[in-house]
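**Q** Structure provided below as structure tokens; questions to follow.
Values quoted throughout were computed directly from the atomic coordinates according to the rules given, and no laboratory measurement underlies them. All of these numbers come straight from a predicted model, not from anything done at the bench. Virtual Cβ from ideal backbone geometry, glycine too; neighbours counted across all protein chains shown.
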Amino acid sequence: MEALIEVNGLEIYAYHGVLSEEKTIGQPFVFDIRLTLERCPACRSDRVEDTVDYGEVVEVIYETATDRSFNLLEALARSVADALMDKFPVDRAEVRVRKPRPPIPRSVDSVGVAVEVTR
């Protein structure tokens, strides 16, 4: 039995981007995470010890997003995906990261990237 663990709309203020202003002033980044467990013991046991604690997932994302500065969203997303794969027994990590207010001279809701890492 496969299970998905999701964290959606996690906003973290950080200092990523190509422009020096982005690294100095910072901006919000929004994360959507999907972790796949090909086997789900917790689906039958109803024990948190048998699954991935999404509170811990949020902390790993926060630590990774604030530990260093990235130029590109692609590198940030991949770093988060790798950290989640290293920390948790998941088979796939999908990470979407968006900039709600990108420094471009046009009106957009957001810009973003998505990466997927599998074992």
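**Q** Using just the C-alpha positions of the chain as equal point scatterers, what log10 of I(q)/I(0) does the Debye formula give at each q in 0.23 1/Å?
**A** Listed by q, the Debye log ratios stand at -1.28.
**Q** Expressed in nm to one decimal, what extension gain is obtained for the pair Ser110 and Glu49 from 0.36 nm per residue of sequence separation less their Cα-Cα distance?
**A** 18.3 nm
**Q** Separate question: For every other residue with a beta carbon closer than 11 angstrom to the beta carbon of Pro41, add +1 if it is Lys or Arg and -1 if Asp or Glu, then tell me the sum.
**A** Local net charge: 0.
**Q** Just to verify a number: FRET efficiency for Val117 and Tyr13, C-beta to C-beta distance, R0 = 25 Å, to 0.05?
**A** That gives a FRET efficiency of 0.50.
**Q** A follow-up question, please. So what is the 222 nm mean residue ellipticity for the chain from helices alone, if each DSSP H run of at least 4 adds -39500 (n - 2.57) and you divide by all residues, rounding to the nearest 500 deg cm²/dmol?
**A** Roughly -9500 deg cm²/dmol at 222 nm, from the helical runs in the chain.
**Q** Do any GluC sites (Glu not before Pro) in segment 1-67 lie in a loop, going by DSSP, with at most 15 other beta-carbon atoms within 10 Å of their beta carbon, and if so which?
**A** When the GluC sites (Glu not before Pro) of segment 1-67 are filtered for loop state and at most 15 Cβ neighbours within 10 Å, Glu2, Glu38 remain.
**Q** With point charges of +1 on the Cβ of Lys and Arg and -1 on the Cβ of Asp and Glu, referenced to the Cα centre of the chain, which listed residue (Gly26, Thr36, Tyr62) lies farthest in the positive direction of the dipole?
**A** Projecting each Cα onto the dipole axis, the largest value belongs to Gly26.
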